[in-house]
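A.B. asks: This structure is in structure tokens; I'll ask about it shortly.
Values quoted throughout were computed directly from the atomic coordinates according to the rules given, and no laboratory measurement underlies them. Model, not experiment: these values are computed from the prediction. Because the Cβ atoms are built from the backbone with ideal geometry, glycine has one as well, and the counts that use them run over all protein chains shown.
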Amino acid sequence: MIRLRLVPAKTNIGFLTQHIRAFFLSGFLCVASIGYFLWADLNYGIDFEGGILIEVGTPGPADISQMRSALSGLNLGEIALQEFGRNTEVLIRVERQPGDSAAQQLAVAAVKEALAKEITGEISYRRVEYVGPKVSAELVRAGTLASVLAVVAMLVYIWFRFEWQFAVGAVLALVHDVVLTIGIFSLTRLEFNLSIIAAILTIVGYSVNDTVVVYDRIRENLRKYRRMPLKELLNVSINDTLSRTTMTSVTTLIALLTLYVVGGAVIEGFTFAMIWGVLVGTYSSIFVAAPLLLYVGLGRDVSESGPSEDKGAAADAG
């Protein structure tokens, strides 16, 4: 049987020789992500900001500039338009209006009237949604709580499955992934909505799964090579699982890139977050989660030299 491998069966890449540089890079990116988020914040969608969402179907290809010009004089605050799937579908986001639901309905009526004057033919309104300040605040709290609970649950899971040292390494890698995802959304100004929260939770699960595979091999090798220096053992373990890690990441990225290209604006933010999450999750499993075990007191003397047969066996396993 022919087995497809993206990485040769016996690799011996010195990942641990670069872990200090990787730590500095990750630390810099995390600090930069937090700093940029505090300075620029996120481009929150209607789920978090509140407002009016109107999905419009036009009789022919939509002229976004014409529609924007028609709506700009309504004095309704910020109005954003974007193609939504086909070129005859437009998504209109209107800033939440002061007042109760009657004020929101008046804004919708004004939008419909303005579009009717500018566009020839029948306009269809597929969806009209209102999100008030109370609902949006609840969604912010629920999204934040879901993300925090997911990380805590992973901490408990890793702690019970392995030892607390592994749990610390896995959770720090998860925090690293989430912080960098928040940072890239703050930088790119892509809309941050509930679907991105769903993507972050998926990233947490993906990253932990990747990390657990590496940790399983580390635990197995800890029993197999009892006198091998810990730094060398970690490097052997990463190389042992490298083929599986790259195969999983590449196949996942192929599916996600296809969705990003053909999926349209509806899932653009979600698929972008997932693509970014797979990349940083794979990186953190190799360069963050595993090397951190050197510094959390795993119970191995990293300076102890093992016998030559241990090292030979490790080379064969790589």
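A.B. asks: So how far apart, in nm, are the two label points at Phe160 and Thr251 if each is 7 Å from Cα heading toward Cβ?
C.D. replies: 2.9 nm
A.B. asks: To continue, here is another question. Just subtract the alpha-carbon distance of Thr144 and Thr120 from 0.36 nm times their residue separation and send over the number in nm, one decimal. If you can, show how the numbers build up before the last one.
C.D. replies: Values: separation 24, 0.36 × 24 = 8.64 nm, distance 4.46 nm.
Length gained, Thr144 through Thr120: 4.2 nm.
A.B. asks: What number, in percent, do you get for the relative contact order of the chain if the mean sequence gap of Cα pairs under 8 Å and at least 6 apart is divided by its residue count? Walk me through the numbers before you get to the answer.
C.D. replies: Values: 439 pairs, mean separation 84.5, N = 318.
The normalised contact order for the chain reaches 27 percent.
A.B. asks: Which of these values of Rg and Dmax of the Cα atoms in Å was calculated from the structure shown: (i) 26.8, 101; (ii) 25.2, 85; (iii) 19.9, 64?
C.D. replies: Among (i) 26.8, 101; (ii) 25.2, 85; (iii) 19.9, 64, the one derived from this structure is (ii).
A.B. asks: Can I ask one more? Give me the net charge for the shell around Ser65: Cβ to Cβ below 13 angstrom, other residues only, Lys and Arg +1, Asp and Glu -1.
C.D. replies: On the way: positive: Arg68; negative: Asp63, Glu83, Glu118.
Result for the local shell: -2.
A.B. asks: A further question follows. As a test of the formula, what do you get for the chain when each DSSP H run with n ≥ 4 contributes -39,500 (n - 2.57) and the sum is divided by the residue count, at 222 nm and rounded to the nearest 500 deg cm²/dmol?
C.D. replies: Numbers: 10 runs with 198 residues, N = 318.
The per-residue figure over the chain is -21500 deg cm²/dmol.
A.B. asks: For the chain, set up a GNM with springs between Cα atoms under 10 Å and report which of Thr271, Thr58, Thr245 has the largest fluctuation.
C.D. replies: Thr58
A.B. asks: Could you count how many Lys pairs in the chain have their Cα atoms under 25 Å apart, skipping same-chain pairs fewer than 8 positions apart? Can you show the working numbers first?
C.D. replies: Details: Lys10/Lys224; Lys10/Lys231; Lys10/Lys311; Lys224/Lys311; Lys231/Lys311.
Pairs that pass both the separation and distance tests number 5.
A.B. asks: A follow-up question, please. As I understand it, the dipole of the range 1-102 uses +1 on the Cβ of Lys and Arg and -1 on the Cβ of Asp and Glu, about the Cα centre. Which of Ser72, Pro61, Ser33 lies farthest toward its positive end?
C.D. replies: Working it through, the farthest residue towards the positive pole turns out to be Ser33.
A.B. asks: Still on this structure, please answer the following. Which residue fluctuates the most in the chain, going by a Gaussian network model with Cα springs under 10 Å, if the choices are Ser65, Ser186, Ser26?
C.D. replies: Ser65
A.B. asks: Which residue fluctuates most in the GNM of the chain (Cα springs below 10 Å): Met67, Met274, Met228?
C.D. replies: Met67
A.B. asks: Normalising by the residue count of the range 51-131, find the relative contact order in percent from Cα pairs under 8 Å and 6+ residues apart. Provide the component values of the computation, followed by the final result.
C.D. replies: Values: 130 pairs, mean separation 39.5, N = 81.
The normalised contact order for the range 51-131 reaches 49 percent.
A.B. asks: Ok, one more. Let's see if you can work this out: charge +1 on each Lys and Arg Cβ, -1 on each Asp and Glu Cβ, no other charges. What is the dipole magnitude of the chain about its Cα centre, in debye to the nearest 20? Could the numbers behind the result be given before it?
C.D. replies: Details: 26 positive and 29 negative charges, 215 e Å.
Here the size comes out at about 1040 debye.
A.B. asks: R0 = 35 Å: FRET efficiency of Phe28 with Val128, Cβ-based, nearest 0.05? Kindly include the intermediate steps, with their values, before the conclusion.
C.D. replies: Details: r = 45 Å, r/R0 = 1.28.
Step by step, r from the Cβ atoms, then E = 0.20.
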